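In what follows, a structure is listed as C-alpha cells, so that the remarks can point back to it.
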Amino acid sequence: EPEPEPEPEPEAEAEPEPEAEPEPEAEPEPEPEPEPEPEPEPEPEPEPESEPEPEPEPEPEPEIFDHFEVTFTNTATINETDFNNYKNIMLTSFTKWDSVINGVSNESLGTNFKLYVEVAINSLGDSTLGSARLTTVYNPSNYTTGTTSLYNTSYGTNLFPYSGKFTINSAYISGLSTDIKPSGLSLLYYTTLHEVGHLLGIGNLWTLTDVSAPVETHLEDDGTSRMYYSGINALSEYRTVFNDTSLVGIPIEDNGGGGTANSHLEEGTEGSVTTNDRYIGGKLHPGLDQELMTGWAENFNFDMPLSKITIGLLHDLGYSVNYSEADVYNNPKTPWTTDITYSVIENSTDNVITLNGNCFVDVSLNYVISNIVGNGILVDAVNNQTVTTGYISSDELLYTPTQGETFSFKYDVKYTNNTTEGYIFSNTSTVLINIGSI
C-alpha cells in the first residue's frame, strides 16, 4: 500500500518580530525665555520751577517837615502796632525842633535848610538809650548836596549838617514810651529830642578840629585843665540862669567816657557818676542837671527841658531860631555835697564840723550820716546827742577825738519834692578828720 503521505509538518509560526521600541519622544524644546522688556527710560525729572524773585519791599516813605526829612526803619522784632506808636511819639520830637528852627542865617541856604535823618530801632549796648551820628554836612560849594569833607567850613558860618542817623535802643524803647514825666511827655520823647539835638550839631560839631568851634580850656582849682563852651548866645543864657555874668563858660562834660564826655553840657550831680565840682578861681561853674543836652537821663521824675541855653547853642551854630519855643528851665533841682577835710588836735574837745550841702532850689535839706570809721565821739550840735548813723538836726557836728588817728564818715543830703512824690537826693561825700599833736 502505498505508504501514506506523511502529514506535513506544521510550519513553525514565525516569531513575531519584536516591536520596535518606540522612539523616545523628543523632549520638547524649551520655549525660549521671553526677552526681558527693556526698562522704561526714566522720565526726566521736571525742572524745579524757579521761585519768583521776591518783590523788593517798598522803601518807607519819609516824613516831611519844614526842616527835616525823616525815614524810620524797624530792624528789631517789634510788631507794627507798637512800631507805629513809638514812631508817632518820636515824630512829636521832630515837630518840637521844627518849631524852634526857622532855617539858617547863611544866605546861600537860608530857609531851604533841611536835615535828612534815618531813625532806626535796633539793639545798642547796655545802659545806652540812643545814639546819633552825622554822616554828611552841607557842601559849601553848592548847598544842595552832602559831603564828608570839612574843607573850607567854619563853625557858625557855613558848617551845617546834611544827613545823619539816630538809633534808639530796642531793649529800652517800650519802657521809654511808658515813662511819663510831669509834662505828660514820655522819656522816649525826650530821648529823641536829645539825639536830634546832636544831629543838628550840638556836641558833634564842637568836637571837630580846624572848624573854629567856641570851646576853650580853663585851669580849674583842682589843678586840672578842662573844656568850657564859650559861644556868645548860649553863654549869655547860661549866665542868665545863674544870674552871674562872671562865669567864663559853660562846663563841658568830663565824665562818662566815650559818647558822653566832651560832647554834652556838664551834668553836675548824677548819683555816683558825676558831681558839681567845676571851680575856677573859687567860683563854681554849675552843671545843668535836668537840661536836655546833658549826658544822662533823669533818675528822678523831672522833665528834661529844651531850654534857652540849648537854643543858644543852635544860634551859635548859625541857625535862625525862636527863643519863644524854649521850655522853662530855672536851675538844676538836684542837691549836691562836697568832700571836706579837717585837722584837729588830740585831746581837744567839741571841734565844730560844718557839712557842705547845696541846692539851687529853695528847700530845707536833710543831712544823713553813714560809714563812720575810726575812734572818737561825734555829736549832733543842735540836740547834743551822740551820732552813729542816720539823720542829724542840722549841718553842724561836734567831734572829740579819743586818740591820734584819722577819723572819717560819709554824708549826703535829701529833700522832699511834692511833684516827684519822694526824696531828691545828692551824691555822697566824705569828711576826713586828721588828728595830730601840738
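The values are calculated or read from the model by the stated rules, or taken from the named source; none is laboratory data. Computed from a prediction, not measured in an experiment: that's the story for all the values here. Every residue, glycine as well, gets a Cβ built from its backbone with ideal geometry; the counts of neighbours run over all protein chains shown.
Collect the residues in segment 147-164 that are free of Cβ contacts under 8 Å to residues at least 24 places away in the same chain and assigned to a strand (DSSP E or B), keeping them in residue-number order. Result: 147, single match. Scanning segment 267-288 for residues that are more than 22 Å from residue 430 (Cα to Cα) and not aliphatic (A, V, I, L, M) turns up just one, 281. Between 405, 421, the distinction of being acidic (Asp, Glu), surrounded by fewer than 20 Cβ atoms within 10 Å (Cβ to Cβ) and either more than 27 Å from residue 290 (Cα to Cα) or modelled with pLDDT of 95 or more (or both) belongs to 405 only.
Restricting segment 58-77 to residues that are modelled with pLDDT of 90 or more and in a strand (DSSP E or B), which is nearest to residue 124 (Cα to Cα)? So the residue we want is 73.
Okay, residues lined up against (1) touching a Ser or Thr at 6+ places or on another chain (Cβ under 8 Å); (2) touching a residue at least 40 places away in the same chain (Cβ under 8 Å); (3) among the charged types (D, E, K, R):
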position	(1), (2), (3)
78	yes, yes, no
83	no, no, no
88	no, no, no
91	no, no, no
98	no, no, yes
101	yes, yes, no
104	yes, yes, no
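For segment 134-166, residues that are at pLDDT 95 or above and under 24 Å from residue 84 (Cα atoms) total 3.
On the stretch given as segment 203-243, residues that are among the hydrophobic types (A, V, I, L, M, F, W, C), surrounded by 15 or more Cβ atoms within 10 Å (Cβ to Cβ) and not in a loop (DSSP other than H, G, I, E, B) total 6. Does segment 416-424 contain at least one residue that is in contact with a Gly (Cβ under 8 Å, 6 or more places away or on another chain), more than 14 Å from residue 351 (Cβ to Cβ) and assigned to a strand (DSSP E or B)? There is at least one residue in segment 416-424 that is in contact with a Gly (Cβ under 8 Å, 6 or more places away or on another chain), more than 14 Å from residue 351 (Cβ to Cβ) and assigned to a strand (DSSP E or B). Is it the case that segment 197-217 has a residue that's acidic (Asp, Glu), without any contact (Cβ under 8 Å) to a residue 60 or more places away in the chain and over 19 Å from residue 294 (Cβ atoms)? Yes, because at least one residue in segment 197-217 is acidic (Asp, Glu), without any contact (Cβ under 8 Å) to a residue 60 or more places away in the chain and over 19 Å from residue 294 (Cβ atoms). For segment 411-438, filtering for residues that are under 15 Å from residue 335 (Cβ atoms) and not β-branched (Val, Ile, Thr) leaves 11. For segment 386-405, what are the residues that are polar (S, T, N, Q) and either touching a residue at least 60 places away in the same chain (Cβ under 8 Å) or part of a loop (DSSP other than H, G, I, E, B) (or both)? Scanning segment 386-405 gives 388, 389, 393, 394, 402, 403.
Consider segment 244-275 and keep the residues that are touching a strand residue (DSSP E or B) at 6+ places or on another chain (Cβ under 7 Å) and among the β-branched types (Val, Ile, Thr). The one that is surrounded by the fewest Cβ atoms within 10 Å (Cβ to Cβ) is 248.
Step by step: first the residues of segment 263-297, then only those that are of a type in the set (A, V, I, L, M) and out of contact with any helix residue (DSSP H, G or I) (no Cβ under 6 Å at 6 or more places or on another chain), then the one that is nearest to residue 203 (Cα to Cα). Which residue is that?
265
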